[in-house]
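In what follows, a single structure is set out as structure tokens and then discussed.
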Amino acid sequence: MLSIHNLHASIEGKKILNGINLEVKAGEVHAIMGPNGSGKSTLASILAGREEFEVTEGSVDFTGKDLLELSPEDRAREGVFLAFQYPVEIPGVSTINFLKTAINQIREYKGEKPLDAGTFLKTMKEKMKLVEIDQSLLNRSLNEGFSGGEKKRNEIFQMAMLEPRLAILDETDSGLDIDALRIVANGVNKLKNPDNAIILVTHYQRLLDYIVPDHVHVLYKGRIVKSGGKELALELEEKGYDWIKTEQAEIA
Amino acid sequence: MNLATPTTDLLHHYHAALLEHHSMMTHPLHGLSDQLNKDFDVSKWPTTRHEEWKYTSLKALSQIEFSLEASSDSKKLKSYLESLPFYHTEAHHLVFVNGLFHSELSRLIPSEEKTVSSTYVHASLIPEQLAKVIGISCPAERDELRKLNNLVLHDGLSIQLPKGQTATQVYVYQLIDSEQPFAVHSRNLIHLAENAECKVVEHFAAFGNKSHWFNPTTEIQIDAHARLEYCLIQTQSDVGFFTGLSYLRQSDSSQLSHHTISTGGRLIRNNLDLILDGSHIESHMNGLYMLTNDTLVDNHTLVDHQRPHSNSNEFYKGIMDGKSCGVFNGKIFVRQAAQKTNAFQSNRNIVLSPDASVYTKPQLEIFADDVKCSHGATSGQLDEESIFYLRSRGLSHAQAKALLTKAFAGEIVERIPQPELRAYIEQQIDQRF
């Protein structure tokens, strides 16, 4: 589904990614871990199409298309979803307000008819249960005055509504208490199916107790320095990132 | 001696023609308007050298040859009015065309004839009532524009509400339809006695591609415990000029909500003066202006807190596109006697194009020591992070921008009480973005 090859990227001349290689297949959950500043969020941002980053080398193929050539909206329409680490607050725009336009844009792109109001409402009610979110929240200005947990649940609610093929969850666990974490993880698990894939970007192993990954990758200084199964996350939890740093220093 | 410079020659001729025209007939407000200052002096015509007109040049206006004659097409006007959602509501509908009341297109509620009508009708029906209001804005007449209005005094809205009465909703349509450049200098006179209440919407529009100019003066006295809701909607084209003064005086415990919505015009200058001559007054002033092309909108507001324990709240927002220019000047005076005043002011602007500009200036003069006053002004582009967020959900760049722009405007629109009017304004916004 997603194939990243030798990806290099920089921002304002500063190199952040130094040759990332990653294969993600349908039905898989990948966790990307790493210390602060290792380039995890940059990778998520580049996949979603954030324009401040400059890709200097490499390629990203998504279901046969050159992802880097697509605008952020076309990536969304192709089925890429980014759950933001820091979801923006937009006064005067409610979740329901823009989500309807978003869904219909995606449908139009796929050559499907717009969703009628009744079906939209029905789908919405179903998905609301999934992340235990209240409708009043969805009618309010996006993220304005939302708690950290509400913001993240809203991200997962949008993911549920948009049904992406590839969901990238950027530090979705940060700032969540254990109950909120469980709700968010539960929602993600229910959305998982053999046709979609999930990339979890996270600093801590905590989230992986709830969403079990098939593959774990450790990102350090803009490169994937270690890959393994879910047990790698546990090892990291035990030994900390210093273990990776020392190992890398020895190699160098 | 003729003091006129070549740039004001036409203005000089226009004034001379007006003088001649008015000397030949008895004005309907004859006897009521005697004390008004009509000594127009073309040499004192505002220029950008005057501080109050620093960013707003009237040069283009002074170079138009205005006619005293205008002919209109009732059929066209009728179909225009019928396209407005609020024209169909149960209410007073006063239609003025080229400065005169148009009885065919208007609908009044006969039982309220003595409280809501045109100024000319009330001048013959209840002149003693009009005498109480006409001229209250004299202290605020800072320029020659008002003197032209004093001289011409075209017909306008008159509301004279006795104690405790509530008038049915009032819609006023000031229209210009002329094959020659034409100017309307209308006068509105409103007096709400104690505990009276009404809601007014005044809509300005013009037809054709000839220059036109609205130069209205509105004088409003709101007595104790009375409540007024006033909404001004300016939808002119790129050949339309607007220079108006709204002067409102409020007494104890009265309430005001004033909205100014400007969606088009080559040059719009709104002066809004609010004299808070009482305690426990509640005043809200909202404004929304959105222009494009080579146009200018200038809102000059003044709130004068003269007595203690009153609240004023001012919120103006602008969306500037094309080569348009937005000017906001908000004066707040808090007199020494006006302790415990709360006065808030905010002016926020979005600049959508690199050629658009905004000049905003809050001006607070506070002479009392126990007051809460705040002001803020911002201008900038739409938030890039918000645009990216919406795009990452599948909205196009244009859709994301339009949604954010509408949300920005929505904060003002939602404060307007009439649903038909909100629908109309939202429709104007939708057409634009």
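For the range A:68-87, residues that are assigned to a helix (DSSP H, G or I) and free of Cβ contacts under 8 Å to residues at least 40 places away in the same chain total 7. Taking the range A:133-243 and the strands (runs of 3 or more DSSP E) fully enclosed by it, the elements with 3 or more residues that are touching a residue at least 24 places away in the same chain (Cβ under 8 Å) and among the hydrophobic types (A, V, I, L, M, F, W, C) are at A:166-170, A:197-202, A:215-220.
For the range B:51-66, the criterion of being under 30 Å from residue B:357 (Cα atoms), surrounded by fewer than 20 Cβ atoms within 10 Å (Cβ to Cβ), acidic (Asp, Glu) and without any contact (Cβ under 8 Å) to a residue 24 or more places away in the chain is met by at least one residue. The condition of being under 26 Å from residue B:390 (Cα atoms) and not β-branched (Val, Ile, Thr) holds for only one of A:181, A:234, A:208, that being A:181. A count restricted to the range B:138-161 and to residues that are modelled with pLDDT of 95 or more and either small (Gly, Ala, Ser) or not assigned by TED's automatic domain parsing to the domain that holds residue B:48 (or both) stands at 2. Each residue in the range B:360-379 was checked for being closer than 25 Å to residue A:92 by Cα and either over 24 Å from the mean Cα position of the chain (by Cα) or surrounded by 15 or more Cβ atoms within 10 Å (Cβ to Cβ) (or both), and 5 of them qualify.
Could you tell me whether any residue of the range B:424-431 is within 14 Å of chain A (Cβ to nearest Cβ), touching a residue at least 40 places away in the same chain (Cβ under 8 Å), under 23 Å from the mean Cα position of the chain (by Cα) and buried (at least 18 other Cβ atoms within 10 Å of the Cβ)? Yes, some residue in the range B:424-431 is within 14 Å of chain A (Cβ to nearest Cβ), touching a residue at least 40 places away in the same chain (Cβ under 8 Å), under 23 Å from the mean Cα position of the chain (by Cα) and buried (at least 18 other Cβ atoms within 10 Å of the Cβ). Kindly evaluate residue A:78 against the criterion of being farther than 18 Å from residue A:225 by Cβ, modelled with pLDDT of 95 or more and more than 8 Å from every other protein chain (Cβ to nearest Cβ). When the stated conditions are applied, residue A:78 passes them. Evaluation of residue A:38 against the conditions (1) closer than 26 Å to residue A:245 by Cα; (2) surrounded by fewer than 21 Cβ atoms within 10 Å (Cβ to Cβ) shows that the sole unmet condition is (2).
When residue B:70 is tested against (1) closer than 27 Å to residue B:36 by Cβ; (2) under 20 Å from the mean Cα position of the chain (by Cα); (3) hydrophobic (A, V, I, L, M, F, W, C), only condition (2) is not met. Residue count for the range B:65-74, restricted to those that are in a loop (DSSP other than H, G, I, E, B), over 20 Å from residue B:22 (Cβ atoms) and in contact with a His (Cβ under 9 Å, 6 or more places away or on another chain): 1. Going through the range B:31-50 one residue at a time, which ones are assigned to a loop (DSSP other than H, G, I, E, B), exposed (fewer than 15 other Cβ atoms within 10 Å of the Cβ), over 22 Å from the mean Cα position of the chain (by Cα) and in contact (Cβ under 8 Å) with a residue 40 or more places away in the chain? B:31, B:35, B:39, B:41 - these are the residues of the range B:31-50 that are assigned to a loop (DSSP other than H, G, I, E, B), exposed (fewer than 15 other Cβ atoms within 10 Å of the Cβ), over 22 Å from the mean Cα position of the chain (by Cα) and in contact (Cβ under 8 Å) with a residue 40 or more places away in the chain. All of B:97, B:121, B:116 fail the test of being at pLDDT 95 or above and surrounded by fewer than 21 Cβ atoms within 10 Å (Cβ to Cβ), apart from B:121. If you go through the range B:187-234 and pick out every residue that is outside any strand (DSSP E or B) and under 19 Å from residue B:92 (Cβ atoms), you end up with 4.
Scanning the range A:167-193 for residues that are closer than 30 Å to residue A:65 by Cβ and out of contact with any helix residue (DSSP H, G or I) (no Cβ under 8 Å at 6 or more places or on another chain) turns up A:189, A:192, A:193. Taking the range A:55-73 as the range and being within 9 Å of chain B (Cβ to nearest Cβ) and crowded, with 17+ Cβ neighbours inside 10 Å as the test, the residues that pass are A:72, A:73.
Of the set (1) in a strand (DSSP E or B); (2) outside the structural domain of residue B:232 (by TED's automatic domain parsing); (3) within 30 Å of residue B:431 (Cβ to Cβ), all apply to residue B:293 but (1). Cβ separations smaller than 8 Å between residues 6+ apart or across chains give the following pairs from the range A:88-115 residues that are at the interface with another protein chain (Cβ under 9 Å from one of its Cβ atoms) to residues that are of a type in the set (Lys, Arg) and part of a helix (DSSP H, G or I): A:92/B:406; A:105/A:77; A:106/A:77; A:109/A:77. The set of residues in the range B:380-421 being facing another protein chain (nearest Cβ under 7 Å), under 34 Å from the mean Cα position of the chain (by Cα) and acidic (Asp, Glu) consists of B:411 alone.
Checking B:313, B:299, B:349, B:329 one by one, the residue that is in contact with a His (Cβ under 8 Å, 6 or more places away or on another chain), crowded, with 18+ Cβ neighbours inside 10 Å and in a strand (DSSP E or B) is B:329 and no other.
The values are calculated or read from the model by the stated rules, or taken from the named source; none is laboratory data. Keep in mind the model is a prediction, meaning the values are calculated, not measured. Counting neighbours? That spans all protein chains shown, and the Cβs are built from the backbone with ideal geometry, glycine included.
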